[in-house]
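The values are calculated or read from the model by the stated rules, or taken from the named source; none is laboratory data. Note that this is a predicted model, so its numbers are computed, not measured. Here Cβ is always computed from backbone atoms with ideal geometry, including for glycine, and neighbour counts include all displayed protein chains.
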Amino acid sequence: MRLRTDDDIYRARLVYLGPPGYTLPVHLPYAQYGVFMLLVPLFMFIHYLFTFDVELFPAWEIALAVVTTSFIFRYVDPDRPARMVVRTALTDWRRTREPATEQRDPRLVATRIRVREELV
Amino acid sequence: MPADTRSNGTRPSDYPVSDVDDDVDDLVTSPDHGAVAVFQAPQAPRRPGGGPGPHGRPDGEHADIDSPFLDLFSGSAGRPAPPRSASRTPSARVAEPLRRPVEAPPTEPVRRPVEPPAAEPVRRPVEPPVTEPARRPVEPPPAQPLTNGMGGHGIGADPIAPPSRGGDPQPVPDEDAGTAAAVKPPARADRPPRHAAREPELELVNLPAVREPAAEPPARRPPAEPTPRRRPEERRVREEPPRPRKEIKKRQELAPRSKPVRPPKIKFADRDPAVNLAITEIAGHLTFTPNTVTAWYWLPEVRWAFRPDAEREALLSAISEQYAGLAGFRLHLRRTTRPFPADEWARTLDMHTPHPLGGVPGAPSWSDHLVNAQRHLLSVNHAEGQTYLGVTFARRSLGDSLVERLLRAFGRGVAEGERRKLGRTVEQFDEVLGAFGMRGRQVTPHELEWLLYRSVALCMAPPTALSPVTGGEWERGDMLALTEQIERYRTPYGSTVKLVNRMTGEERHVAVLAVGRMEPLEIPERHEPWLHFHERLPWPMEISSRVDVLGSGDSFKNLEHRLRMIRSQQLDYAEHGIDAPPELERLAKRALVIGDEMTTGLPVESARAHGWHRIAVGGRTREECLERARRLIQLYSRELRISLQHPKNQDWLAREFIPGEPVANTGYIRRMPVKLLAAALPQAASTVGDRRGDLIGRTAGTCRRPVFLDLHFPMEVRERSGLAVFVAEPGGGKSTLLGALGYLAARRGVQVTLLDPSGPLARLCSMPELRPYSRVLNLTGSEHGTLAPYSLIPTPLRSEFANGPTGDREFEIAVSNARAERRMLVQDICSMLVPPQVAREASTATLLRHAVRQVPAEETSTLDDVVACLASLDDDNGKELANLLLDTAEMPLALLFFGRPPEGLLGADAALTVITMAGLRLPDLKIEREYWSAEEALALPMLHTAHRLAVRRCYGGSMSSRKMVGLDEAHFMEGWRSGRSFLVRLARDSRKWNLSALVASQNPRDILGLDVQNLVSTVFVGRIAEDVEIASEALRLLRVPVNDGYEATLASLSNVDTSSASRLGFREFVMRDVDGRVQKVRVDVSYVEGLLDHLDTTPTGAAAPQSNLPTGAPDTEV
């Protein structure tokens, strides 16, 4: 029996070419635009925290968001979604305050589980 | 801190020092969580040189005991330990210089006398025990300021390892404590007044802070949290110095509070975070989490190796139908391992060995033998797979969940109504999974507990070894309590998770690999099942697959959505006037084809399994773990073209193995038809042999299981014949295996007779443990008549048959059969003795038949009677024949056939009898008989009669006693009527007489030619590389499909590594056991000391005994 996965269908690269009639010079996956659009307000908010002031054209924020997006998507592939990359980066960055090599994770404890021999 | 300075190196370098105390505990118990206490004998070496403190209480004892009862016994637990602190000098601490000068000099003299031991108990009960170790060392003795200037001011952990610490500076140890202390001082200045005022309450205030970690677990606390919390505590520490001055008076009253320095409890703050698993209840085979209910099934192992492809395909399609039947549910397929229960096996073996061979001084006794075998089993690290399938089938309503919470408060758990309801729903799965294919059965709560424990302690040694009660059973909940001891460590962006068992100190590094891209597989034909394949590697691994099974509707919708996306992208390209990448069209077409299959095919074709598949690899060190992961990745990419990925966030991935926990991440999702999922077949296995016999080696196919063989199992349990056949090319290891089996059987008190014409097996009798019980019979030097053909066939006794007329009749038949057989044998022997040209003449056969008919076919007759009868004939030919027979009798060896056998030739007393024919030249059967020398020609009848002689001995004792006879060079039996009747009789009698017969031959055709293969219960086929035809005959003997490519397997057995100059240390066989299971086995009896040296038939054997041990690198075959 020859058996194969359906994964390749899901691996098709779907890119945004631009609005109708105008083709963008670079074709990026839709996901990148999504991440970018999430990042801009985030950076704006951070900026706001510092300055208590919202700019009309957030140039810096856009620039940072572009860089961050491209940085994130450097690690993204069909098997590693952007969400995972961000999550890994966040958790491990958050816990990397010290040069220590290891940190303890919470123990996973099963003692509270109630055991019943029979279902009913 | 260097690992070796404290405990056993199981702690990470930045691990809070105080924790190390756990290792020193005489009693580790955690009343808050698990209520498991393990007693460990106090360990002397840990005591520092000074030993007990001034109060007679040894330092370090009870250092960090979590028991509320502790205080009842040790009133002075909080006492300072001056001698030890003094010895602590060398360990430099960052915090020390800062704290020391401020606090010690002024406080010390004043405080000292104030501290009465009697007051302790008063305070103790309030104080959480956890703080204990930390507090004690902090209190410096009067002398300390001088000796201790540099540091060594313990923050709790120090007491543990003083002796080893000698000259070992501790650079890292309390980094956070130390640095924190070091950084903090400035902050202290402004605080003192306030705290000084509150000083009396301090102890009490502390209490909750310390307890917290224990109390908190249920509420998941992010590990990062503790850090901020420790601050106030630290401050308190540093605020100590001012306090004493103000409160000396007060302190004298509240003596117990006298500790000048609050230890920074920081350590403990993040020491204990424990998170409860999502599972809240196990009821029967169901597990409950707050949101879901999962039904668990146990999937028994299925045989995969050496089965016809058609059978395998049938199996796979049955399983895929079962998966398709579970459409709409999420499955958790989990495979864990259980180390082989060597003790259980040894007990069974011992039980089945009522009369083992008596011990001989200076040689290993029976129990030594068993112990050696168990050691060997454990060292080889066999693991048995256990496959569990969880079906998450019900979402729980909020109401159910709340009711459960409520009832838990009253200790009742999930409401009965809900359980009843679920009980009915779950029956459908019993039906689906119980059918042919998976044949799943409901798991027991015990097995679920085991699975949970194994999942939390991923890849760690299972707790059997921990059990303080040998042979004791785990009670319900015990295993779960053991999860309490497992600590987890992560490194940022790390590629492994470290697990530490606090109780045993075991440290394990685990890497979790995710199944990435897969190329098309041809499962029964070319490839192994893809989740069974990892067993090729010699260490146990764990598998977890989370799979959503989509029914035809869902999967079609899913696919269609994807197709539309692809189409719209194509459209997009067209709109923009750009060439679409060609793969879009290809993928769209493929999606269309699949969609077509889905809509028109059976539900099995359309069902899809979308899921995540992970393999966990463990190792003692990080390097070992990564090396193993690398080899696994390599193996998968090379052989199966599956790329295993090693993602980050290993701790989450490791957590995914635990039933009920969430999927770690959405990456590496594999979408496949259920057929491909069925072909993963993690439950495939390859056991062979019974589990009650001697250890003879291990399987060498895709997985490694120990192989046991009890040669009497077919007769005593399966009621089959005991004929076992060994076939291999010369040098394939037949004789060695025969000898090893003979040895092992003799050890068990079986009466063993080995016929070994060439003689090396005779050396077995010189083994010290067998020497008093064994005897060698060399036929070439025996007396006349030893091989007299008439007496070789025993006359049946009436007592062997049932009473009554039926028995009478059977007895008569048996007696006349014996006579007929005698005549046949004598006739054959005579034909073998005369030259072949004469034997071929028709008149010879007639004359012989006539003569044999004249002589009464009783045991008492002899060949001389036949000669006399021939000589008395009126026929010249008859006289000539008689003379020819007499001529042969001139040769000394031929005299064995003539005359009467000596009495008591083969007593039944010896446990092991080896019959040899040293010096006999065996003819080459490929050469015509005419060209054999006289000596060679004589070998043929000798072998025939010797075989009979070896078996004859077995008819001496009682019928039910165990007997074994091993016959080498059985291929000489072929071509003679009496030869076939001999084997048939052997096979038939074997059951009746509880006689196990091992027959070794170089060519399977001999056995097949004798047409006795239906009577054969066990088959060993060794290396057959020379002749494809012989190989396919051997496969026929094994009942393995011919021309399916298995011939190559036979040729590759015992393959020599051409690059190595040493001899091959093992021999491989394909074995078929009495239950028809076929598997490649590697014979390894190296655990019996000296056996291989004695069995070695290779000329250089004595010179290089070492090479007979199993290969130094048992993993090399990968």
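Summary table below
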item	result
Residues being surrounded by 20 or more Cβ atoms within 10 Å (Cβ to Cβ) and of a type outside the set (Val, Ile, Thr) - total across the range B:786-801	6
Subset of the range B:848-870 that is of a type in the set (Val, Ile, Thr) and not in a helix (DSSP H, G or I) - its residue that is surrounded by the fewest Cβ atoms within 10 Å (Cβ to Cβ)	B:Thr860
Matching option when the condition is surrounded by 22 or more Cβ atoms within 10 Å (Cβ to Cβ), touching a residue at least 12 places away in the same chain (Cβ under 8 Å) and either of a type in the set (Lys, Arg) or under 27 Å from B:Arg980 (Cα atoms) (or both), among B:Leu949, B:Leu895	B:Leu949
Residue match in the range B:975-988 (condition: without any contact (Cβ under 8 Å) to a residue 40 or more places away in the chain, in a helix (DSSP H, G or I) and of a type in the set (D, E, K, R))	yes
Yes/no for B:Leu377 being at pLDDT 90 or above and assigned by TED's automatic domain parsing to the domain that holds B:Tyr323	no
Among residues of the range B:330-356, those that are crowded, with 18+ Cβ neighbours inside 10 Å and touching a strand residue (DSSP E or B) at 6+ places or on another chain (Cβ under 9 Å), counted	12
So B:Ser1032, is it farther than 18 Å from B:Asp1084 by Cα, out of contact with any helix residue (DSSP H, G or I) (no Cβ under 7 Å at 6 or more places or on another chain) and either without any contact (Cβ under 8 Å) to a residue 24 or more places away in the chain or in a strand (DSSP E or B) (or both)	no
Helices (runs of 4 or more DSSP H) fully within the range A:1-114 counting 2 or more residues that are within 30 Å of B:Pro492 (Cβ to Cβ)	A:30-51, A:59-73, A:82-94
Any hit, the range B:897-913, residues being assigned to a strand (DSSP E or B) and either in contact with a His (Cβ under 7 Å, 6 or more places away or on another chain) or not assigned by TED's automatic domain parsing to the domain that holds B:Glu729 (or both)	no
Those residues of the range B:713-735 which are crowded, with 22+ Cβ neighbours inside 10 Å and β-branched (Val, Ile, Thr), in sequence order	B:Val725, B:Val727
Residue in the range B:809-818 that is in contact (Cβ under 8 Å) with a residue 24 or more places away in the chain, buried (at least 17 other Cβ atoms within 10 Å of the Cβ) and either of a type in the set (Val, Ile, Thr) or assigned to a helix (DSSP H, G or I) (or both) present	yes
Count of the range B:533-562 residues which are crowded, with 21+ Cβ neighbours inside 10 Å and more than 42 Å from the chain's Cα centre (by Cα)	2
Qualifying positions in the range B:602-622 - away from chain A (no Cβ under 14 Å) and more than 23 Å from the chain's Cα centre (by Cα)	B:Leu602, B:Pro603
Residue selected from the range B:386-418 under the condition touching a strand residue (DSSP E or B) at 6+ places or on another chain (Cβ under 6 Å) and of a type in the set (Gly, Ala, Ser), by the criterion nearest to the other protein chains (Cβ to nearest Cβ)	B:Gly413
2 or more residues among the aliphatic types (A, V, I, L, M): qualifying helices (runs of 4 or more DSSP H) within the range B:697-792	B:734-747
The listed residue being out of contact with any Gly (no Cβ under 7 Å at 6 or more places or on another chain), modelled with pLDDT of 80 or more and surrounded by fewer than 24 Cβ atoms within 10 Å (Cβ to Cβ), out of B:Leu1015, B:Leu1064, B:Leu1050, B:Leu1008	B:Leu1015
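So that you can scan it fast, the table gives a plain yes or no per residue for (1) more than 10 Å from chain A (Cβ to nearest Cβ); (2) farther than 23 Å from A:Arg114 by Cβ; (3) of a type in the set (A, V, I, L, M, F, W, C):
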| site | (1), (2), (3) |
| --- | --- |
| B:Arg424 | no, no, no |
| B:Gly437 | yes, yes, no |
| B:Thr444 | no, no, no |
| B:Glu447 | yes, no, no |
| B:Leu452 | no, no, yes |
| B:Cys459 | yes, yes, yes |
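Rundown of residues vs (1) modelled with pLDDT under 85; (2) in contact with an Asp or Glu (Cβ under 6 Å, 6 or more places away or on another chain); (3) crowded, with 16+ Cβ neighbours inside 10 Å; (4) within 7 Å of chain B (Cβ to nearest Cβ), yes/no style:
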site: A:Val67; (1), (2), (3), (4): no, no, no, no
site: A:Val85; (1), (2), (3), (4): no, no, yes, no
site: A:Arg94; (1), (2), (3), (4): yes, no, no, yes
site: A:Asp105; (1), (2), (3), (4): yes, yes, yes, yes
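Residues are listed down the side, and each one gets a yes or a no for (1) at pLDDT 90 or above; (2) away from every other protein chain (no Cβ under 11 Å); (3) touching a strand residue (DSSP E or B) at 6+ places or on another chain (Cβ under 7 Å):
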| position | (1), (2), (3) |
| --- | --- |
| B:Lys265 | no, yes, no |
| B:Arg271 | no, no, no |
| B:Ala283 | yes, no, yes |
| B:Leu286 | yes, no, yes |
| B:Thr289 | yes, no, no |
| B:Trp296 | yes, yes, yes |
| B:Glu301 | yes, yes, yes |
